[in-house]
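Asks: Pasting a structure below so you can have a look.
The values are calculated or read from the model by the stated rules, or taken from the named source; none is laboratory data. No experiment lies behind these values; they were computed from the predicted model shown. Please note: Cβ atoms are built from the backbone with ideal geometry, for glycine as well, and neighbour counts cover all protein chains shown.
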Amino acid sequence: MGGPAAARRDIVALTGLLPDSHVDCFADALPHDRLSFMPTWKLTIEYKGTRYQGWQEQAEGRTVQGEIRKAAEDYFGEKVDLGGSGRTDAGVHALAQVAHLRATRKRPSAEIQWELNERLPYDIHILNIDPRPERFHARHSALARCYLYQISVRRTAFAKDFVWWVKAPVNLNTIQNCAELFEGRHDFWSFTERPLEQGSTIVVVEKVQVAREGDLILIRLVASHFLWKMVRRLVGTLAQVGTGKLEPDKVKRLIKSRSAETGPWTAPSAGLFLEQVLYPGDSVANLIRPGIPVG
């Protein structure tokens, strides 16, 4: 988790002067008052993930984090520390991703927002920047994540990058009833990619909501964290139930078992949005609204 030790490590890593194997030792020796030299900001970001290999920086491929880092380092004229609240996979979008930004130079939030947006590509936009205490960490300080998935019941010429078109008729009531099975504390081993690499596959899902908005079926999931491809596997399973290809009783058995059967049901990344990251004092909106509407 976060705290002074993690923050000190961030400062040392930011210098880029030590190999990773030496960072922790040096960070432990860094005085607590050095933290005051690292102005910290909370960034709220929207992006269209279609052109990117996800949020997190990779050795190869264009990423959202990489683009923001490049813009920030060009503006500040130095290396910066940039970390997100969590990863989004290739093709996944964000309505309000959160990141922390640390630099040695203090700048007005409004100026940073303007300068970064001037440098960012058209499909990444900084919605807001607020100063935060130096120990704020986008991932460790977060309490929950909220994802939104959009299923379209018709073919669309304009929103294909933001929906999954399910061609078969979908029974909304069946999906709503089945979605309740995922709420609570469960082992989601059957609903993640490479479960043996995930550590614990126990997740507490706080809420699953299903609603109809025009030609869209909207599915919102709220949990403290999600496993790799978990949201897309849950949505794909609900689509199987809603189109009559899978019985709800089978879903109950999948939750209690360890099966690879859900893999082929994984919903496409195009329909998925990171809707909100919740911190102390935040709450999830009661109504579900589309990320991108379909008339």
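Asks: Would you say L196 is free of Cβ contacts under 8 Å to residues at least 12 places away in the same chain and out of contact with any Phe, Trp or Tyr (no Cβ under 6 Å at 6 or more places or on another chain)?
Replies: When the stated conditions are applied, L196 passes them.
Asks: Please work out which one of (1) in the same structural domain as R232 (by TED's automatic domain parsing); (2) over 19 Å from F273 (Cα atoms); (3) part of a loop (DSSP other than H, G, I, E, B) is the condition H137 fails and give its number.
Replies: It fails just one condition, (1).
Asks: For A142, state whether it is hydrophobic (A, V, I, L, M, F, W, C), in a loop (DSSP other than H, G, I, E, B) and closer than 21 Å to M230 by Cα.
Replies: Here the answer is yes, as A142 does meet what is asked.
Asks: Only one of S141, S152, S190 is modelled with pLDDT of 95 or more, crowded, with 19+ Cβ neighbours inside 10 Å, within 21 Å of A285 (Cβ to Cβ) and not basic (K, R). Can you tell me which?
Replies: Unique residue meeting the criteria: S141.
Asks: OK, next. Within the stretch 258-285, track down each residue that is touching a strand residue (DSSP E or B) at 6+ places or on another chain (Cβ under 9 Å) and assigned to a loop (DSSP other than H, G, I, E, B).
Replies: Within the stretch 258-285, R258, A267, P268, Y279, D282, V284, A285 meet the criteria.
Asks: Quickly run through the stretch 182-237 and pick out the residues that are in contact with a helix residue (DSSP H, G or I) (Cβ under 6 Å, 6 or more places away or on another chain) and of a type in the set (S, T, N, Q).
Replies: S190, T192, T201, T237
Asks: Here's something else I'd like to know. Of R212, R220, which residue is charged (D, E, K, R), over 19 Å from the mean Cα position of the chain (by Cα) and assigned to a strand (DSSP E or B)?
Replies: That would be R212, the only listed residue that is charged (D, E, K, R), over 19 Å from the mean Cα position of the chain (by Cα) and assigned to a strand (DSSP E or B).
Asks: Test V294 against the criterion of being surrounded by 14 or more Cβ atoms within 10 Å (Cβ to Cβ) and assigned by TED's automatic domain parsing to the domain that holds Q209, and give yes or no.
Replies: Here the answer is no, as V294 does not meet what is asked.
Asks: Of all residues in the stretch 169-212, which are touching an Asp or Glu at 6+ places or on another chain (Cβ under 6 Å) and among the hydroxyl-bearing types (S, T, Y)?
Replies: Of everything in the stretch 169-212, just one residue is touching an Asp or Glu at 6+ places or on another chain (Cβ under 6 Å) and among the hydroxyl-bearing types (S, T, Y), namely T201.
Asks: For the stretch 114-145, which residues satisfy the criterion of being over 21 Å from T50 (Cβ atoms), touching a residue at least 24 places away in the same chain (Cβ under 8 Å) and not charged (D, E, K, R)?
Replies: N128, I129, P131, P133, F136, H137, A138, H140, S141, A142, L143, A144
Asks: If I ask for residues that are of a type in the set (S, T, Y) and closer than 20 Å to L254 by Cβ, which ones from the stretch 148-185 would you list?
Replies: Y149, T174
Asks: If a residue must be in contact (Cβ under 8 Å) with a residue 24 or more places away in the chain and either over 30 Å from D123 (Cα atoms) or among the aliphatic types (A, V, I, L, M) (or both), how many such residues does the stretch 156-190 contain?
Replies: Adding up the residues that qualify gives 23.
Asks: Ok, one more. Going through A103, A59, A72, A99 one at a time, which residue ends up being of a type in the set (G, A, S) and without any contact (Cβ under 8 Å) to a residue 12 or more places away in the chain?
Replies: Exactly one residue qualifies, and that residue is A59.
Asks: Among residues belonging to the stretch 236-271 that are more than 22 Å from K167 (Cβ to Cβ) and among the hydroxyl-bearing types (S, T, Y), point out the one that is surrounded by the fewest Cβ atoms within 10 Å (Cβ to Cβ).
Replies: Per the stated criteria, the residue is S257.
Asks: Name the single residue, out of those in the stretch 60-88 being of a type in the set (K, R) and modelled with pLDDT of 95 or more, that is nearest to P39 (Cα to Cα).
Replies: So, considering only residues that are of a type in the set (K, R) and modelled with pLDDT of 95 or more, the one nearest to P39 (Cα to Cα) is K79.
Asks: Does at least one position in the stretch 158-168 carry a residue that is among the small types (G, A, S), part of a loop (DSSP other than H, G, I, E, B) and buried (at least 19 other Cβ atoms within 10 Å of the Cβ)?
Replies: The answer is yes; a qualifying residue exists.
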